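The values are calculated or read from the model by the stated rules, or taken from the named source; none is laboratory data. Fair warning: this is a prediction, and the values are worked out from it, not measured in the lab. All Cβ positions, glycine included, derive from the backbone under ideal geometry; neighbour counts span all protein chains shown. For accessibility, only protein heavy atoms count, side chains too; no ligands or nucleic acids. Shrake-Rupley method; radii C 1.70, N 1.55, O 1.52, S 1.80 Å.
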Amino acid sequence: MPKKDYKKYFVSKPAYEVIPVTEVKGRRGAMTLMSNNLVPKANMYIETGWVFGMPDPNPHIHEHTHDYDEIVIHLGTDPNNQEELGGEIEFMVGGQPLIINKTSAVYVPKGVKHGPLTWKKYKKPHLEFTIMIGAGTLAQADPGGHEKSRKKKKEKK
Ligand SMILES: [Zn+2]
(Lines give C-alpha, C1' and ligand atoms only; values in the text may rest on other atoms or scores of the structure.)
Protein backbone atom coordinates (compact mmCIF):
# COMPACT_ATOMS: atom_id res chain seq x y z
CA MET A 1 0.00 0.00 0.00
CA PRO A 2 1.28 3.49 -0.79
CA LYS A 3 1.93 5.69 2.25
CA LYS A 4 -0.43 8.36 1.08
CA ASP A 5 -3.92 7.96 -0.30
CA TYR A 6 -4.30 10.06 -3.42
CA LYS A 7 -7.91 9.13 -4.06
CA LYS A 8 -8.98 12.34 -2.36
CA TYR A 9 -7.32 14.23 -5.23
CA PHE A 10 -9.30 12.35 -7.88
CA VAL A 11 -12.45 14.05 -9.14
CA SER A 12 -14.46 11.48 -11.04
CA LYS A 13 -17.78 13.27 -10.76
CA PRO A 14 -17.97 16.91 -11.75
CA ALA A 15 -20.03 19.41 -9.78
CA TYR A 16 -22.77 21.38 -11.51
CA GLU A 17 -22.62 24.50 -9.40
CA VAL A 18 -22.47 27.28 -11.98
CA ILE A 19 -25.94 28.63 -12.56
CA PRO A 20 -26.15 31.16 -15.39
CA VAL A 21 -28.35 34.19 -14.77
CA THR A 22 -30.59 33.05 -17.62
CA GLU A 23 -30.90 29.71 -19.39
CA VAL A 24 -28.72 29.62 -22.51
CA LYS A 25 -29.63 27.67 -25.64
CA GLY A 26 -26.68 25.92 -27.29
CA ARG A 27 -24.88 25.34 -23.99
CA ARG A 28 -24.96 22.64 -21.33
CA GLY A 29 -24.54 23.23 -17.63
CA ALA A 30 -20.88 23.86 -16.94
CA MET A 31 -18.95 21.15 -15.11
CA THR A 32 -16.67 22.10 -12.27
CA LEU A 33 -13.76 19.65 -12.30
CA MET A 34 -11.59 21.18 -9.60
CA SER A 35 -12.43 23.34 -6.59
CA ASN A 36 -12.01 23.29 -2.84
CA ASN A 37 -15.45 21.66 -2.61
CA LEU A 38 -14.18 18.74 -4.68
CA VAL A 39 -10.61 18.61 -3.41
CA PRO A 40 -10.23 20.49 -0.12
CA LYS A 41 -7.33 22.98 -0.15
CA ALA A 42 -6.74 22.57 -3.90
CA ASN A 43 -7.09 26.35 -4.26
CA MET A 44 -7.70 25.95 -7.96
CA TYR A 45 -10.86 26.36 -9.91
CA ILE A 46 -11.36 24.56 -13.22
CA GLU A 47 -14.60 24.48 -15.06
CA THR A 48 -15.62 23.44 -18.55
CA GLY A 49 -18.76 23.53 -20.64
CA TRP A 50 -19.90 22.50 -24.10
CA VAL A 51 -21.05 24.85 -26.79
CA PHE A 52 -23.13 22.78 -29.20
CA GLY A 53 -25.10 25.43 -31.06
CA MET A 54 -25.24 29.17 -31.57
CA PRO A 55 -25.71 30.40 -28.00
CA ASP A 56 -28.89 32.32 -27.25
CA PRO A 57 -28.91 34.80 -25.55
CA ASN A 58 -25.71 36.01 -27.15
CA PRO A 59 -23.73 37.33 -25.40
CA HIS A 60 -24.55 35.53 -22.16
CA ILE A 61 -21.18 36.22 -20.51
CA HIS A 62 -20.98 39.94 -19.88
CA GLU A 63 -18.19 42.23 -18.73
CA HIS A 64 -16.74 41.21 -15.36
CA THR A 65 -13.50 41.05 -13.37
CA HIS A 66 -11.90 38.62 -10.93
CA ASP A 67 -9.58 38.90 -7.95
CA TYR A 68 -7.53 36.06 -9.52
CA ASP A 69 -5.70 35.56 -12.80
CA GLU A 70 -7.84 33.59 -15.22
CA ILE A 71 -7.00 31.41 -18.19
CA VAL A 72 -9.80 31.01 -20.71
CA ILE A 73 -9.40 28.16 -23.16
CA HIS A 74 -11.53 27.42 -26.20
CA LEU A 75 -10.97 23.96 -27.58
CA GLY A 76 -12.16 22.52 -30.89
CA THR A 77 -13.33 18.91 -30.94
CA ASP A 78 -12.32 17.73 -34.42
CA PRO A 79 -9.52 15.13 -33.98
CA ASN A 80 -8.56 15.59 -37.62
CA ASN A 81 -8.08 19.32 -37.16
CA GLN A 82 -7.22 20.03 -33.52
CA GLU A 83 -6.71 23.74 -34.05
CA GLU A 84 -10.06 24.33 -35.69
CA LEU A 85 -12.46 25.77 -33.13
CA GLY A 86 -15.69 25.34 -35.04
CA GLY A 87 -16.87 28.83 -34.31
CA GLU A 88 -15.84 32.44 -33.98
CA ILE A 89 -16.04 34.34 -30.71
CA GLU A 90 -15.29 37.98 -30.01
CA PHE A 91 -13.77 38.23 -26.53
CA MET A 92 -13.31 41.74 -25.14
CA VAL A 93 -10.27 41.96 -22.85
CA GLY A 94 -9.49 45.33 -21.31
CA GLY A 95 -11.72 46.92 -23.95
CA GLN A 96 -9.77 45.26 -26.78
CA PRO A 97 -11.55 42.75 -29.04
CA LEU A 98 -9.83 39.37 -29.47
CA ILE A 99 -11.20 37.21 -32.27
CA ILE A 100 -11.16 33.57 -31.21
CA ASN A 101 -11.59 31.25 -34.19
CA LYS A 102 -8.93 28.64 -33.34
CA THR A 103 -8.23 26.36 -30.39
CA SER A 104 -6.63 28.91 -28.08
CA ALA A 105 -5.92 30.19 -24.59
CA VAL A 106 -6.19 33.71 -23.19
CA TYR A 107 -4.50 34.80 -19.98
CA VAL A 108 -6.56 37.46 -18.22
CA PRO A 109 -4.64 39.09 -15.35
CA LYS A 110 -6.61 39.71 -12.16
CA GLY A 111 -8.54 42.96 -12.09
CA VAL A 112 -8.67 43.32 -15.90
CA LYS A 113 -12.20 43.85 -17.17
CA HIS A 114 -13.16 41.19 -19.69
CA GLY A 115 -16.25 40.19 -21.58
CA PRO A 116 -18.61 40.16 -23.18
CA LEU A 117 -17.96 37.01 -25.18
CA THR A 118 -20.04 37.18 -28.31
CA TRP A 119 -20.36 34.25 -30.69
CA LYS A 120 -20.12 35.52 -34.28
CA LYS A 121 -20.20 32.11 -35.97
CA TYR A 122 -21.03 28.56 -34.95
CA LYS A 123 -20.00 25.53 -37.01
CA LYS A 124 -19.09 22.61 -34.74
CA PRO A 125 -19.25 21.76 -31.03
CA HIS A 126 -16.43 23.19 -28.97
CA LEU A 127 -15.46 23.43 -25.31
CA GLU A 128 -14.84 26.41 -23.09
CA PHE A 129 -12.54 26.05 -20.08
CA THR A 130 -11.91 28.41 -17.20
CA ILE A 131 -8.86 27.91 -15.01
CA MET A 132 -8.24 30.07 -11.97
CA ILE A 133 -5.26 29.41 -9.77
CA GLY A 134 -5.71 30.61 -6.20
CA ALA A 135 -9.50 30.73 -6.35
CA GLY A 136 -10.72 27.66 -4.57
CA THR A 137 -14.45 28.16 -4.60
CA LEU A 138 -17.17 29.13 -7.03
CA ALA A 139 -17.78 32.30 -5.03
CA GLN A 140 -14.11 33.29 -5.32
CA ALA A 141 -13.80 32.29 -8.97
CA ASP A 142 -17.23 33.42 -10.23
CA PRO A 143 -16.18 32.21 -13.72
CA GLY A 144 -18.56 34.09 -15.99
CA GLY A 145 -19.31 36.87 -13.53
CA HIS A 146 -22.74 35.28 -13.00
CA GLU A 147 -22.76 35.66 -9.23
CA LYS A 148 -21.85 39.34 -9.37
CA SER A 149 -24.44 40.11 -12.05
CA ARG A 150 -27.07 38.18 -10.09
CA LYS A 151 -26.28 40.36 -7.08
CA LYS A 152 -26.52 43.48 -9.25
CA LYS A 153 -29.92 42.34 -10.55
CA LYS A 154 -31.17 41.85 -6.99
CA GLU A 155 -29.90 45.26 -5.93
CA LYS A 156 -31.74 46.92 -8.81
CA LYS A 157 -35.08 45.42 -7.69
ZN1 LIG B 1 -13.79 35.82 -16.29
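Quote to one decimal, in nm, the extra length available between Ile73 and Val93 on full extension: 0.36 nm per residue of separation minus the C-alpha distance between them.
Working: separation 20, 0.36 × 20 = 7.20 nm, distance 1.38 nm.
Value of the extension gain: 5.8 nm.
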Entries in Lys7/Lys120; Lys4/Lys113; Lys41/Lys102; Lys41/Lys110; Lys8/Lys110; Lys8/Lys120 that, when Cα-Cα distance is taken, lie over 32 Å:
Lys7/Lys120; Lys4/Lys113; Lys41/Lys102; Lys8/Lys120
Alpha-carbon Rg with Dmax, taken over the chain, Å:
16.2, 58
Partners for Lys123 among aspartates and glutamates (Cα-Cα distance below 19 Å; same-chain residues under 8 apart left out)
Asp56, Asp78, Glu83, Glu84, Glu88, Glu90
Leaving out ligands and nucleic acids, and using a 1.4 Å probe, what accessible area per residue does the chain come to in Å²?
61 Å²
How big is the stretch 76-121 in terms of Cα radius of gyration and Dmax, in angstroms?
11.8, 37
Cα→Cβ-extended label distance, 7 Å offset, between Val112 and Arg28, nm:
3.1 nm
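Roughly how many percent of the accessible protein surface of the stretch 1-153 is carbon and sulfur, given a 1.4 Å probe and a whole-percent answer? List each step's numbers first, then the result.
Working: 5070 of 8910 Å².
Within the stretch 1-153, the accessible surface is 57 percent carbon and sulfur.
Could you give the length gained on full extension between Lys123 and Asp5, defined as 0.36 nm per residue of separation minus the Cα-Cα distance, in nm? Spell out each step's value before the answer.
Values: separation 118, 0.36 × 118 = 42.48 nm, distance 4.38 nm.
Taking 0.36 nm per residue and subtracting the Cα distance, the gain is 38.1 nm.
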Say we join alpha carbon atoms closer than 10 Å with springs in a Gaussian network model of the chain; which of Tyr16, Tyr122, Tyr45 then has the biggest fluctuation?
Tyr16
